[in-house]
Amino acid sequence: MTFSAALDVLLSGAPPCADALAALIACGDTDAPSLYAAADQVRVATVGNEVHLRGLLEFSNTCRRNCDYCGLRRDNARVERYRLTPDEIIATACEAEKLGFPSLVMQSGEDLWFTGPRLAEIIRAIKGKTSLAITLSVGERDEADYRLWREAGADRYLLRIETTDPELFRRIHPDDDLEGRKACLLTLKRLGYQLGSGVMVGLPGQTPAALARDVLWLLDLGAEMLGVGPFIPHPETPLADAAGGTFDQALRLVAVLRLAFPYAHIPATTAMASLDPLGREKALQAGANVVMPAVTPTDRRALYALYPGKICLDDNARKCRGCIEARIRAIGRSVATGPGHVIRR
Ligand code: SF4
């Protein structure tokens, strides 16, 4: 399918097809500006000019899993592990609210020290002391834990599927199971979480057709927040020597996701900004409407290294908040003040 025919399909309002999605994902440099402009126009018409800030609190880099692309994988003995105490987490959350974040993303490796009840208690404490909207991103757990956290007040959950290609998923997740992850996402949806997922782009052997199937699967799932992470090889992982994904691949996917999910929340991810100094701005001008600056204590930031070259490691939460706001205003956008819940139509 030609680029312009594919763009017409996505702009028609009809359900997108795999061919059109793949044609846009694979578009060349000549067509890419038209893709970004179309996504930007859809973003203005649907979610508007406001950019939602979520404070990202990376509270533990301990992980039971061994994902082949991730610097926090269990077998990476060279990473110094940390785990914030419940009191540190609660204090950091309160600080984030004082800095003007209406929403907090609590992220960690799959760290079972945080049992269901223990994390529920932390969530309840934060909800009791603040009016923060809380997003959890702590991986695959059983339904009982997801239920406890939801009942404790967690509003949203992020769990990236990474890829729906069974063979590719198996190759990069030696101790994980695609069907299990899909089941987790369905459980989270049933429990009433605002649901975030997303994909990694530029994985070895990944094709535009495979990414198009990912987008269709995310549509079927009804994902409401969509993150795109370029694959950035980490030197202490089995994929250290693989070719990484590129910023342009990730940007095309952000734009395609905006066309396919007009009302979703789509972040300009830190990983994209790590590949291009203006990565956040470019993503915000190609469909994205969310930024997640870290509020993680500065002395732990470098230890949360999912991938190398991560930016803002020496900054504190106040500086990050100020820097991001200035960047958002510099491109003519405003910072949202509300919690930024998903838009359901
Ligand atoms: S991607 Fe997540 S689950 Fe996999 S090793 Fe890294 S932190 Fe653990």
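Some notes on this structure:
- Wholly enclosed helices (runs of 4 or more DSSP H) of the range 227-322 bearing at least 1 residues over 25 Å from I25 (Cβ atoms): 298-301
- Any hit, the range 51-64, residues being in contact (Cβ under 8 Å) with a residue 12 or more places away in the chain, of a type in the set (K, R) and part of a loop (DSSP other than H, G, I, E, B): yes
- Filter result (within 16 Å of the ligand (Cβ to nearest atom), in contact with a Gly (Cβ under 9 Å, 6 or more places away or on another chain) and not in a loop (DSSP other than H, G, I, E, B)) within the range 76-97: none
- Of the residues making up the range 103-131, those that are out of contact with any Ser or Thr (no Cβ under 6 Å at 6 or more places or on another chain) and among the aliphatic types (A, V, I, L, M) are L104, M106, L112, L119, A120, I122, I123, A125, I126.
- Number of residues in the range 98-137 that are among the small types (G, A, S), in a loop (DSSP other than H, G, I, E, B) and out of contact with any helix residue (DSSP H, G or I) (no Cβ under 8 Å at 6 or more places or on another chain): the value is 1.
- Look at (1) touching a Phe, Trp or Tyr at 6+ places or on another chain (Cβ under 8 Å); (2) more than 16 Å from the ligand (Cβ to nearest atom) and you find that S108 fails only one, number (2).
- Options P86, P33: the member that is within 19 Å of L284 (Cα to Cα), modelled with pLDDT of 95 or more and not hydroxyl-bearing (S, T, Y): P33
- Filtering the range 37-75 to residues that are away from the ligand (no atom under 16 Å from the Cβ), surrounded by 23 or more Cβ atoms within 10 Å (Cβ to Cβ) and more than 18 Å from V342 (Cα to Cα) leaves only A39.
The values are calculated or read from the model by the stated rules, or taken from the named source; none is laboratory data. Because the structure is a prediction, the values reported are computed rather than measured. Because the Cβ atoms are built from the backbone with ideal geometry, glycine has one as well, and the counts that use them run over all protein chains shown.
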